[in-house]
Structures are given as C-alpha cells and as structure tokens.
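Everything below concerns the one structure shown next.
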Amino acid sequence: MSAPKIKAPRGTFDVLGQDAARRTTLEARARAILEAAGYERIETPVFEATELFARGVGESTDIVRKEMFTLEDQAGRSLTLRPEGTAPVCRAYVEHGMHKRRQPVKLWYLSSFFRHERAQAGRYRQFWQVGAEALGSEDPALDAELITLLTRLLADLGVRGLRLRLASLGSLDSRREYRERLQAHLRANEADLAQEVRERIELNPLRAFDSDHPGTRQVMESAPRLSEHLDAQDAAHFAEVRELLDAAGVAYELDHTLVRGLDYYTRTVFEFTSDALGAQSGVGGGGRYDGLVQQLGGPPTPGIGWAAGIERILLAGEQEGEQGHGVPVASVPLELFLALEDASPTLRTRAFHLLCEARAAGLAAQMDLGGRSLKGQLSHANALGARYVAILGEQETMLKDMQAGDQESLASDAVVHAVLRGHTAL
Ligand code: HAM
C-alpha cells in the first residue's frame, strides 16, 4: 500500500516552471527600476514579535484582528508571520539607527507575506509583494517619485486596465478634528450601519467608507469629507503631489472614499486596481506613514511607501486565454551542450570535467543527465535550444554550431575556447 499523499496547505502554492520564470523577470525589472532610482534592497525576518504588528498596523484592522498567523516559541514569546512589510522596515530603521544616515533612506524588498484570509483567485494565505519604502523626508516630490515608480513598474510588466486612485488623509493632528465630526455623523445614523462598522466607530471610523453594506453606504454619502477638512499645510502638500504627478503625465482619479486597510497612514494614500482582475482588483497601494517610526520607539520620522502583489501583477499581465505572456519569460540561453558517444565511465568523467571548465569560463552549459542514447541527447540539446553541441567520443570530439549548421573536429580541451571564440566572432 502506498503512503497517503500530502498536499500544500490551503491558500498556498508551489512556484515552478513558467511561473517561476515570470517571477524572475519581474524581480529583474523591479530591481532595475528601483535601484536606478536609488532604492537599496532590504530583507527582514519572516517572523517578528507580534507586538510590532499590533502596534504598527493597528489593533482595529482586519489584519491584526483576524488574519495573523501567530505562534508561541518555546520560551512563551508571541511571534507572528509577517502580514506586511512596512512595520518591519520601520523596525529595522530604528534598530539599525538608520536615522543617522543621509535622509531619506530608500529601501525596496521582494518577499513573501502571510494573512489568514479566505483563499480565492488572487487572494492567498502566503503571497509575495514587491515593495518600496522611503524614510526621513516629507518632501511631496518623494510621494510623486514613489507613485511614478510603481506606475512605471506596472506598465512595464504589462498590467492591463490600470486605474490609480489618490487621496490625502491629512496629518494625525488635522485628522483628529475630522474624526470627531465623522464619529458624530456615524452615531447619529447608528441604526442604519453594519454591525462591524458600529463596532469600529470609536477605534477606526474611517473604515466605514470601505463598507459594502447598503445601509452604511447610504449613510456615508452624506458623511463629512476628509478632503474638505484638510488643514492648510496638508492641503498644500497634497496640491504639490498632484502637480508633480500631472507634470510627470501620471493619470489618477481623486477618491475621497479611499481608505486603506492599515492604520498607520497619514496624508497621501493611493491604490492601483486592474479591471483585468476579478473581485480582488487591488494590484498595489501605499501611502505616507509619518507617525509610524515614532510609534515603534524611533525618533519622529516621516515615511512613505507602497507594496504590490506579485501574483496579482502576473494575473493582470496575462493576455486573455494565454498564460504568461504579459511578462516575458526570463531564461538563460544554453550556449553549450555536451553529448556522449557512449556511456563509458571515462567519457562521463571527461565530459563532467569539461562541463565544470565551461561553467567556470562563464558559459551556460549542460550535459546529458538522463542516460539517453546519442540520438536522444541530440534531440534533447535541440529542444533546449543549445547554440553549440560538443559530441565527446573515445577518439575525437566534434563541435557542432547549431545555428550555422557546420562542425569541426578538435581536442576536447579546446572546446571551451572554441565556443568562446565563436561568441566573440558573432
Ligand atoms: P496592502 O494593500 O495590504 O498594503 O497590500 C499591498 C498589495 O499586496 C495588495 O494591493 C495586493 O496586491 C497584495 N495582497 C495583499 N493581500 C494579499 C493576499 N492575501 N493575496 C495576494 N495578494 C495580496 C500593504 O501591505 C502595505 N504594507 C503597503 C505599503 C507599503 N504602504 C506603505 N508602504
């Protein structure tokens, strides 16, 4: 009797084949765009102290209330698999004294995150994000830079039907007064609100804008608008962000109902959606979080950033009915394939030695590892798209140029040099 099969947990998936190749391309594009703009790679641990997210992301958010994978270590400390990357980056900024570096400190990451959500297409329990964070400046040009970079990355990766929504939530101070007005409006209409919205009137009244509940939506139509209650400084900051985006030719819609699912946001917030995606249409989003570093024990430090979901970028980059055409596939062209005339151990040893030599010289090289006949090896080399094939025999070695169709006989230790020479001659 065979052992029962074990499946990957719900909401998780394996990355392989074409999908892995498309992710490699995506990562290369992200690196090229972000590093050229001065962003440095950062990677933080997969798990962090639970306190980091409770304090950073906010006790009233769905993420902290319902979606965290939390565990206890042997010493009874509470740890959580990171549900997002901004709080960990701010934690690292404080821990490494990055405020002493030249500001702003600009960082980017490509990592996996974990949320205990109901799994469906485009929504997983382990998913990947590419993200960028810039700490230490409140210059509106930084807001415009980050939004422009994400616009460029998504366009570059072939994401279809993109829409960018933009709003300002004001600074913490100017929002306090607005919150009170909104709470008063919600309390006055409490009977028509969804249970969940009612429960959050004290903690997070702004989330009411996010509700699908018909009664709540109606109440929100007459709610006071934050955009009309920004103080002069916040309004000027937001006007400058918009001017810079206009100058850069970035199209956006102002949306005063835009609230994001995390508590740390202040001032500029934005979200990209794609109409090529179904219910989970959010491709990426972000905003300013000018109070977060201080909230995590650091010095007062403004910050802004975004994150975009890799799976959603790939889904929204696919053409109808096809798989994997939005983002071109990254592959390393095979330069040399080593075929063996027979399976003798001495010949295999010689071929293996030659393989190592070719790789050390920087060639993309492979040899037969599947016990194929010579004919099978040649057709395998063909299928792999090899540029050159060396057929190693007891007596002689033949080097075939698969593009030109010609071949020459040579000593096996001259193969690497010949292939390299062939390349420079091209
Ligand atoms: P977020 O909006 O929660 O923001 O997530 C950003 C993106 O991650 C979403 O737009 C979506 O594409 C993807 N995403 C989120 N949850 C899932 C899931 N369960 N399955 C698949 N994809 C998902 C943040 O995480 C903030 N840290 C962004 C940020 C950075 N704000 C400032 N800096």
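At-a-glance table
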| read-out | value |
| --- | --- |
| Backbone HN-Hα couplings from phi across the stretch 109-119 [Karplus 6.51/-1.76/1.60, Hz, Gly and Pro as x] | 8, 9, 8, 9, 10, 9, 9, 7, 10, 6, 6 |
| Estimated dipole of the stretch 336-425 in Debye, rounded to 20 [Cβ of Lys and Arg +1, of Asp and Glu -1, Cα centre] | 300 |
| Surface/4 estimate of mean projected area, convex hull on alpha-carbon atoms of the chain, nm² | 29.4 |
| Candidates per trypsin sites (Lys or Arg not before Pro) in the stretch 117-163, loop by DSSP, up to 11 other Cβ within 10 Å | 118 |
| Listed residues 307, 383, 87, most fluctuating in the chain (Gaussian network, C-alpha, under 10 Å) | 383 |
| Net length gained if the chain between residue 1 and residue 18 were fully extended (0.36 nm per residue, minus Cα distance) | 2.7 nm |
| Residues whose placed amide H lies under 5 Å from that of residue 303, excluding near-sequence neighbours | 136, 289, 290 |
| Cα centroid separation - the stretch 142-210 against the stretch 329-381, whole Å | 57 |
| Under the Debye formula (equal points on every Cα, no solvent term), log10 I(q)/I(0) of the stretch 173-227 at q = 0.23, 0.25, 0.28, 0.30 Å⁻¹ | -0.80, -0.95, -1.20, -1.37 |
| Net +/- balance of residues flanking residue 33 in space, Cβ distance below 10 Å, scoring K and R +1, D and E -1 | +1 |
| P(r) histogram, all alpha-carbon pairs of the stretch 189-339 included - 5 Å bins from 0, percent | 2, 7, 12, 14, 16, 15, 13, 8, 5, 3, 2, 2, 1, 1, 0, 0 |
| Fully extended contour minus Cα-Cα distance, from residue 421 to residue 43, at 0.36 nm per residue | 132.0 nm |
| Karplus-derived HN-Hα couplings along the stretch 148-160 (A = 6.51, B = -1.76, C = 1.60, θ = phi - 60°), whole Hz, x at Gly and Pro | 5, 5, 5, 4, 5, 4, 5, 5, 4, 8, x, 5, 8 |
| Bridge type composition, the chain - antiparallel percent by DSSP, nearest 5 | 80 |
| Order by protection proxy (mean Cβ within 10 Å, highest first), peptides 344-350, 259-265 | 259-265, 344-350 |
| Selected from 296, 203, 336 as most flexible by GNM, with the chain as the system and alpha-carbon contacts under 10 Å | 336 |
| Magnitude of the charge dipole, the chain, Cβ model with Lys/Arg +1 and Asp/Glu -1, debye to 20 | 640 |
| Most mobile listed residue (188, 390, 404) in the chain, GNM with C-alpha springs under 10 Å | 404 |
| Set of lysines with alpha-carbon distance to residue 375 below 24 Å, sequence-local pairs under 8 removed | 400 |
| Computed magnitude of the charge dipole of the stretch 173-227 (debye, nearest 20; Cβ of K, R +1, Cβ of D, E -1) | 160 |
| The chain: angle of helix 415-425 to the longest principal axis, Cα-based, in degrees nearest 10 | 60 |
| The stretch 336-425 - Rg (one decimal) and Dmax (whole number), Cα, Å | 11.8, 35 |
| Most positive-pole-ward Cα, 239, 195, 256, against dipole of the stretch 179-276 from beta carbon charges | 195 |
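Values quoted throughout were computed directly from the atomic coordinates according to the rules given, and no laboratory measurement underlies them. Here the structure is a predicted model, which means the values were calculated and not measured. Methodologically, a virtual Cβ is constructed for each residue, glycine included, from the backbone with ideal geometry; neighbour enumeration extends over all protein chains shown.
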